[in-house]
Amino acid sequence: MRVSRMITAVETHAEGEPGRVITGGLPHIPGETVFAKMRWMQKNLDDVRLLMLREPRGNPGLCCNAIVPPCDPSADAGFIIMEQMEYPPMSGSNTICVVTVLLETGILPMVEPVTELTLEAPAGLIRVKAECQDGKVKRVEFRNVPAFAMHLDAPVEVPGLGTVHVDVAWGGMFFVLVEAAKLGVSLDAENGAEIVRVSEAIRHATAEQLPVVHPENPQITGPTITNLWGPPLVQGTHGRGAITISTGPYDPARPQDASGILDRSPCGTGTCAKMAVLHARGLLNAGEDYVNAGPLGTTFTGRITDTTTVGPYPAIIPTLSGQGWIHGTTNWTLDPSDPFPAGYTVGDMW
């Protein structure tokens with residue numbers, strides 16, 4: 001077997017959302033912060049993201065993470081998040097996947113019944129409490145970066161949909177949030193193609209008409225992701241959402257060809273963005289749980305622990321919890337004669 005690259009990874013999912021975690025095979029990634037490391041990887045090592053996420057090694061619904069040394073002395077590990085079209089500064093499901101891998105594989109020591117650790121994500125420091133039993137991570141709770149709303153009920157002109165009133169909020173990524181019922185869109189998982197089509201049209205129009213920049217990091221812009229939300233269906237939950245992750249460029253001349261995929265989990269950063277919007281409207285207070293369901297019926301539980309400000313915006317400090325599972329270990333290789341060193345996408349599923 002001839003290989004020009006070998007990458008070792010652990011295959012995981014968090015409440016249904018797959019998150020591959022790279023544990024070996026990457027070169028040194030320079031940078032004085034994990035955000036700087038992410039930017040360096042984006043510029044100089046993006047072939048790894050393409051190799052891992054595209055076919056034949058990946059699929060449209062897959063996310064990937066690279067474990068890297070932290071830069072902040074208070075952090076135990078760092079991680080860089082990779083998705084089909086971007087490097088998100090933060091991700092809830094990927095945080096849960098990374099914590100599960102770090103502890104269950106012994107990269108970091110597991111302490112039962114609770115392991116406390118700190119991760120350095122590109123968005124900042126993430127404090128983690130992991131409930132552990134018999135070598136298994138039973139639940140991961142983390143304190144996310146502050147979340148805040150930048151626009152509430154802002155009108156956006158969307159071709160084919162007319163005027164749509166949107167919220168734009170940061171929960172670790174910049175989301176555009178819309179109530180699905182006002183669009184006449186069912187959030188049933190079987191309606192995924194329509195959810196993606198509508199969501200991508202709204203995201204593209206919002207990014208053009210209401211572009212946003214993080215007040216503390218001008219290199220973070222958006223919105224890059226959409227959250228169509230609705231009322232709860234199951235007792236014990238407070239809401240549900242359908243988060244569309246782009247898998248290809250959006251062509252406004254061909255909106256019917258929009259390519260995207262539904263987050264299989266309830267989306268951690270999306271849940272935090274939704275909590276920030278609810279709090280801004282006076283509908284969710286500190287200390288109250290917000291149990292959010294995804295398309296598979298799995299849930300994340302969020303809670304506002306405190307309030308703060310980010311630039312000029314009132315913000316919440318949220319926690320989020322859920323569970324992850326390891327379902328495989330892999331060694332991914334690249335033959336130097338492979339005609340697809342960056343993988344490929346085909347229009348039937350992308």
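At a glance:
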{"read-out": "Diffusion constant of the stretch 147-320 at 20 °C, which comes from Stokes-Einstein with the Kirkwood Cα-pair radius and 1.002 mPa s, µm²/s", "value": "134 µm²/s"}
{"read-out": "Dipole magnitude (debye, nearest 20) for the chain, charges at Cβ of Lys, Arg, Asp, Glu", "value": "220 debye"}
{"read-out": "Built amide H within the under 5 Å cut-off of residue 310, gap 5+", "value": "315"}
{"read-out": "Hits among lysines - C-alpha to C-alpha of residue 274 under 23 Å, sequence gap 8 or more where chains match", "value": "129, 182"}
{"read-out": "Net charge of Cβ neighbours under 12 Å - reference residue 135; Lys, Arg +1; Asp, Glu -1", "value": "-1"}
{"read-out": "Cα→Cβ-extended label distance, 7 Å offset, between residue 233 and residue 216, nm", "value": "3.7 nm"}
{"read-out": "Helix-derived mean residue ellipticity, 222 nm - over the chain, DSSP H n ≥ 4, -39500 (n - 2.57), to 500", "value": "-5500 deg cm²/dmol"}
{"read-out": "Under 13 Å from the residue 344 label point (7 Å along Cα→beta-carbon), backbone N, the stretch 52-68", "value": "55-57"}
{"read-out": "Added length on full extension, which subtracts the Cα-Cα distance from 0.36 nm per residue, residue 331 to residue 308", "value": "3.9 nm"}
{"read-out": "Alpha carbon centroid spacing (whole Å) that separates the stretch 111-172 from the stretch 50-68", "value": "21 Å"}
{"read-out": "Lysines with Cα under 24 Å of residue 43, excluding same-chain neighbours fewer than 8 positions away", "value": "none"}
{"read-out": "Cα-only Debye scattering, the stretch 95-222: base-10 log of I(q)/I(0) at q = 0.12, 0.14, 0.16 Å⁻¹", "value": "-0.65, -0.79, -0.88"}
{"read-out": "Amide H partners (placed H, <5 Å) of residue 15, local residues excluded", "value": "323, 325"}
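Read-outs throughout are calculated quantities, based only on the coordinates presented, and are distinct from any laboratory measurement. The model shown is predicted, which means the values in this text are computed figures rather than measured ones. Note that we place each Cβ from the backbone using ideal geometry, even for glycine, and neighbour counts take in every protein chain shown.
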